[in-house]
Amino acid sequence: MAKLAVCVSALLLMLVVLSETRRPVPCCTENYDGIIKLKYLKNFAVQLDTGICNINSTIFFTEKNKLICTDPKKPWVIRAMKHLKNRAL
Ligand SMILES: *[C@@H]1O[C@H](CO)[C@@H](O)[C@H](O)[C@H]1NC(C)=O
């Protein structure tokens with residue numbers, strides 16, 4: 001019985017994780033021009049201009065759960081992406 005409970009809670013956790021990661025990423029139509037400090041960034045996603053969204057963008061997720069579209073060519077954006085990738089490993 002205890003085993004079943006563990007199994008069910010593991011399944012629930014998985015569902016939560018899945019729905020978290022499946023959350024649709026919004027479409028960036030304009031990139032933010034400023035710089036955001038690394039310590040405010042939690043994660044990022046990449047948007048290419050090949051889809052319905054017409055610009056290339058690196059979307060940062062901040063600790064306040066905001067999404068910020070930035071220019072993937074900017075040096076600070078490239079540095080921040082590398083930093084977040086390393087942290088995720
Ligand atoms: C967007 O990125 C793709 C792939 O990296 C590149 O081929 C394309 O030229 C870029 N478009 C713009 C507008 O920078």
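Here are some notes:
- Screening A45 against (1) within 16 Å of the ligand (Cβ to nearest atom); (2) not in a strand (DSSP E or B) leaves a single unmet condition, (2).
- Residue in the range 54-65 that is nearest to C27 (Cα to Cα), counting only those that are within 16 Å of the ligand (Cβ to nearest atom) and hydroxyl-bearing (S, T, Y): S57
- Residues located in the range 71-89, provided they are part of a loop (DSSP other than H, G, I, E, B) and within 13 Å of the ligand (Cβ to nearest atom): D71, P72, K73, K74
- Sole exception among (1) at pLDDT 95 or above; (2) among the aliphatic types (A, V, I, L, M); (3) within 16 Å of the ligand (Cβ to nearest atom); (4) closer than 14 Å to P26 by Cβ for I68, by number: (3)
- Taking each residue of the range 44-56 that is under 15 Å from K74 (Cα atoms) and looking for partners that are surrounded by fewer than 10 Cβ atoms within 10 Å (Cβ to Cβ) with beta-carbon atoms closer than 8 Å, six or more apart or interchain, yields I55/E30.
The values are calculated or read from the model by the stated rules, or taken from the named source; none is laboratory data. Predicted, not measured: the structure shown is a model, and the values here were computed from it. Quick reminder, even Gly has a Cβ in these numbers, built from the backbone with ideal geometry, and neighbours come from all protein chains shown.
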